[in-house]
Amino acid sequence: VNVFFRPIEKINSVIETYPKGVAGFRRYLDFLDTAPDIRDRPGARVAPALRGDIRFQDVSFGYGVGREVLSHVSLDIRPGETVAFVGPSGAGKTTLCSLLPRFYEVTGGRVTVDGQDIRDLTLASLRGQIGTVQQDVFLFGGTLRENIAYGRLGAGDAEILEAARRARLGEVIELLPQGLDTLIGERGVKLSGGQKQRLAIARMFLKNPPILILDEATSALDTATERAIQASLTELARGRTTLVIAHRLATIQNADRIVVVDESGIAEQGTHAELLARGGRYHQLHEAQARA
Ligand code: ATP
């Protein structure tokens with residue numbers, strides 16, 4: 001389930017900047033209406049530059065009364081670490097990650113970043129330092145330039161091209177007669193699934209956040225494209241604290257740590273080799289996917 005909404009403040013400023021994008025954003029705002037009402041606390045502080053030391057401390061959460069999706073979950077993530085979350089569908093991997101940018105508020109316990117309860121920080125300063133790459137890339141009708149610059153409004157062409165190059169979108173842009181001025185979306189060039197993913201990655205190189213949440217693409221990409229995207233994501237994750245919501249085990253074998261989430265919470269954690277040797281839940285999942 002996709003619960004990654006973007007900060008409303010940012011969307012509003014994009015609407016003002018890019019009138020051509022309005023129709024697309026309207027649809028997006030309708031979607032945003034379903035987000036719960038989360039705002040800054042009185043006296044909330046602007047977060048300083050974050051290192052990305054993340055702690056989930058005895059965290060509980062449920063979308064409605066009665067049924068808890070997460071119950072007393074604790075997890076520490078070190079600055080710069082890449083942690084992959086695996087487990088059966090519906091176990092709560094996405095939910096856990098969505099608590100970090102405060103798309104939902106914990107109902108018990110707390111989440112801290114660099115020792116500060118995230119509820120004491122302004123939403124804009126917290127979310128401004130968390131980047132997300134999702135399966136469904138949000139594009140709006142407008143130029144490639146505008147769509148990449150959505151990662152950091154006001155970025156100049158040189159920075160945009162550099163981000164595109166690092167996301168391996170550079171060649172695509174060079175081949176287009178109008179380059180960054182190329183219109184995309186309904187009335188322009190239709191981007192392939194892989195190109196959309198690259199565009200999302202380019203946005204994040206531009207945004208340059210210390211914390212990343214990657215919601216791994218499930219399917220729709222061919223193996224070669226997926227491998228190339230994976231390489232770009234690994235490069236993007238370097239030096240950032242990265243949470244990966246993984247749907248397939250093959251792509252996360254090199255993560256610093258793998259956390260297995262199931263109905264009971266965190267079932268086990270360790271490196272790929274450690275978890276395989278343990279012969280527990282991860283081992284089972286691994287066997288099941290190998291057979292599939
Ligand atoms: P998947 O691998 O399928 O993405 P997941 O482990 O990420 O699964 P979540 O998406 O976090 O699992 O979902 C955990 C539980 O919470 C599921 O039972 C799901 O139906 C429920 N859930 C998720 N999002 C919402 C929502 N916005 N409103 C109500 N329930 C939700």
**Study point:** Exclusive hit being of a type in the set (K, R) and in contact with a helix residue (DSSP H, G or I) (Cβ under 9 Å, 6 or more places away or on another chain), set R238, R187, R248
**Key:** R248
Check your understanding: If A246 satisfies every condition in (1) among the small types (G, A, S); (2) farther than 26 Å from D58 by Cα; (3) in contact (Cβ under 8 Å) with a residue 40 or more places away in the chain but one, which is the exception?
Key -> (2)
Check your understanding: Among the listed residues A237, A246, A255, A231, which satisfies the condition of being within 21 Å of F85 (Cα to Cα) and touching a Phe, Trp or Tyr at 6+ places or on another chain (Cβ under 8 Å)?
Key -> A246
Review point. Considering only segment 85-110, how many residues are within 16 Å of R39 (Cα to Cα) and crowded, with 17+ Cβ neighbours inside 10 Å?
Key: 8
Practice item. Restricting attention to segment 90-119, report how many residues are without any contact (Cβ under 8 Å) to a residue 60 or more places away in the chain, hydroxyl-bearing (S, T, Y) and under 22 Å from R51 (Cα atoms). Key: 1
**Study point:** segment 90-126, residues that are farther than 30 Å from R248 by Cβ and either part of a loop (DSSP other than H, G, I, E, B) or within 15 Å of the ligand (Cβ to nearest atom) (or both)
**Key:** E105, T107, D114, G115, T122
Review point. Do you know which residues across segment 169-178 are within 27 Å of the chain's Cα centre (by Cα) and surrounded by fewer than 18 Cβ atoms within 10 Å (Cβ to Cβ)?
Key: G170, E171
Exercise for review: Residue by residue through segment 76-89, note down the ones that are without any contact (Cβ under 8 Å) to a residue 60 or more places away in the chain and within 7 Å of the ligand (Cβ to nearest atom).
Suggested key: S89
Practice item. Among the candidates E263, E287, single out the residue that is surrounded by fewer than 21 Cβ atoms within 10 Å (Cβ to Cβ) and touching a residue at least 24 places away in the same chain (Cβ under 8 Å). Key: E263
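Which of the residues that make up segment 208-251 are part of a helix (DSSP H, G or I), away from the ligand (no atom under 15 Å from the Cβ) and buried (at least 19 other Cβ atoms within 10 Å of the Cβ)?
Answer for segment 208-251, where residues must be part of a helix (DSSP H, G or I), away from the ligand (no atom under 15 Å from the Cβ) and buried (at least 19 other Cβ atoms within 10 Å of the Cβ): E226, I229, S232, L233, L236, A237.
Quick note: the coordinates plus some simple rules give every number you see, no bench work behind them. In this text, all values refer to a predicted model and were calculated from it rather than measured experimentally. Because the Cβ atoms are built from the backbone with ideal geometry, glycine has one as well, and the counts that use them run over all protein chains shown.
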